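Bear in mind these aren't lab numbers, they're just calculated from the coordinates by the rules spelled out. Treat the numbers as computed from the prediction; the structure is a model and nothing was measured. In this analysis, Cβ positions are derived from the backbone assuming ideal geometry, glycine residues included, and neighbour counts consider all displayed protein chains.
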Amino acid sequence: MKIDLHIHSKNGSDGRWPLEKIFPEAVKRRIGVISITDHDSIQAQEEAKSLADRYGIQYIYGIELNITLAHPPYRNGKGVSLDCLGYGYDIRYQLLVDKLQALRDFRQKRAEMILANINDEFRKEGREEFTEQNLEEIRATVDGAFGRPHIANYMIREGIVRSKNEAFDKYLEKCDMPKMPLSLEEASELIRSAGGKLVLAHPGDPNGTSLVSFTSSIREHQTIIRERMHPYIDGIECWHTRHNKTTTDAYLGFARKTGLMVTGGSDCHQQPVIMGILDIPPYVAEQFGL
């Protein structure tokens with residue numbers, strides 16, 4: 001039996017596949033325990049649980065929350081963006097539902113501001129600017145939380161760029177606007193009050209939102225977790241497709257010493273389809289009573 005506790009869907013965020021396609025594929029890949037962890041969204045959770053039951057897969061309610069964290073010894077106290085995974089929470093907990101709606105509403109406003117910045121770049125290039133109609137066409141492609149990948153996909157479709165990397169390198173990085181800030185403390189309170197567990201996602205990811213934004217040293221990552229994060233998290237995502245064996249082993253050892261639970265997942269957005277490729281041991285599921 002395989003385990004994958006980090007998968008994104010088109011229904012809730014920026015996955016390329018809808019749930020109806022993810023679950024049959026999970027069966028083919030012999031995934032026995034799964035969690036859909038869409039960005040700042042629980043929109044897909046009820047349907048995901050229903051499909052998991054239909055296909056005989058054990059399901060853990062999931063979400064990926066983006067937080068802002070500062071630690072004074074690093075970056076002159078300036079905050080960095082990190083991701084945390086919430087598991088096993090009550091999907092009807094009203095404070096969580098309300099906060100996610102606020103985050104969702106802000107994502108819409110943020111997208112409009114990003115498009116305005118892109119139009120500034122287009123004017124410099126003598127290119128036709130995005131209009132309200134373009135914005136509506138992008139919105140029509142969004143099933144869950146509105147994010148920059150949706151804008152990138154639209155730019156590819158319109159022939160403005162050839163790839164998602166080009167969209168980010170040429171426009172989306174320089175035209176970015178801040179997300180609605182969510183602190184570690186608030187994320188912890190929301191998930192724990194809803195009966196769930198909060199897990200630090202992919203802390204050693206060299207290419208993503210991770211503690212690498214503070215320092216490349218895994219030893220220093222562990223110091224940051226101990227000094228700044230430990231009271232607010234329940235676990236660490238040790239297995240991840242952008243963690244090498246050294247990173248995974250280091251975090252497993254650290255979790256054992258500090259009494260934190262351990263999780264793992266592919267972070268699959270179906271581009272490519274990588275869910276279930278990690279060798280995650282059964283005791284990870286057992287931590288959730290499965």
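Multiply the residue separation of F122 and V273 by 0.36 nm, subtract the distance between their alpha-carbon atoms, and state the gained length in nm to one decimal.
Additional length available on full extension: 51.0 nm.
What value, in deg cm²/dmol to 500, does the helix sum -39500 (n - 2.57) over DSSP H runs of n ≥ 4 give at 222 nm once divided by the residues of the chain?
-11500 deg cm²/dmol
Could you tell me the distance between the Cα centroids of region 1-57 and region 234-257, to the nearest Å?
23
Taking 32 Å as the cut-off for C-alpha to C-alpha distance, list the pairs among K78/K257; K174/K257; K99/K124; K124/K179; K2/K257 that go past it.
In this structure, K174/K257; K99/K124 exceed 32 Å between Cα atoms.
According to a simple spin-label model (label point 7 Å from Cα along Cα-to-Cβ), what is the distance in nm between K21 and S193?
About 3.8 nm separates the two model spin labels.
Can you put C175, C84 in order, fewest other beta carbons within 10 Å first?
C175, C84
Quote the relative contact order of the chain in percent (integer), defining contacts as alpha-carbon pairs under 8 Å separated by 6+ residues.
Value for the chain: 23 percent.
How high is the relative contact order of region 141-290, in percent, with contacts defined as C-alpha pairs under 8 Å that are six or more residues apart?
15
Shape verdict for region 209-261, please, from the Cα gyration tensor: rounded (a/c under 1.5), prolate (a/b greater than b/c) or oblate.
Judged from the Cα gyration tensor, region 209-261 comes out oblate (a/c at least 1.5, b/c at or above a/b).
So for region 100-172, what percent of the C-alpha to C-alpha distances run longer than 14 Å?
Above the 14 Å cut-off, region 100-172 has 60 percent of its Cα pairs.
Could you size up the charge dipole of region 101-224 around its Cα centre, putting +1 on the beta carbon of Lys and Arg and -1 on that of Asp and Glu, and report it in debye to the nearest 20?
280
Treating only the Cβ of Lys, Arg, Asp and Glu as charged (+1, +1, -1, -1), what charge dipole size does the chain show about its Cα centre? Round to the nearest 20 debye.
The dipole magnitude comes to about 640 debye.
Explain nothing, just the number: relative contact order of region 100-172, from Cα pairs under 8 Å at least 6 residues apart, as a whole percent.
Relative contact order of region 100-172: 30 percent.
How large is Rg over Rh for region 21-156, taking Rg from the Cα atoms and Rh as the Kirkwood inverse mean of 1/r across Cα pairs?
1.06
What does the highest-first list of 163-171, 55-63 look like by mean Cβ count within 10 Å?
Highest-to-lowest ranking by the protection proxy: 55-63, 163-171.
Just the Cα atoms of region 192-290: what Rg and Dmax do they give in Å?
When restricted to Cα atoms, region 192-290 yields Rg and Dmax of 13.3, 37 Å.
Once you place label points 7 Å from the Cα toward the Cβ at D249 and S50, how far apart are they in nm?
My value for the distance between the label points is 4.6 nm.
With springs only between Cα atoms under 10 Å, which of I233, I277, I34 fluctuates most in a Gaussian network model of the chain?
Comparing I233, I277, I34 in the GNM, the peak value goes to I277.
Determine how many Å³ per residue the convex hull of the Cα atoms of the chain encloses.
In the chain, the Cα hull volume divided by residue count equals 128 Å³.
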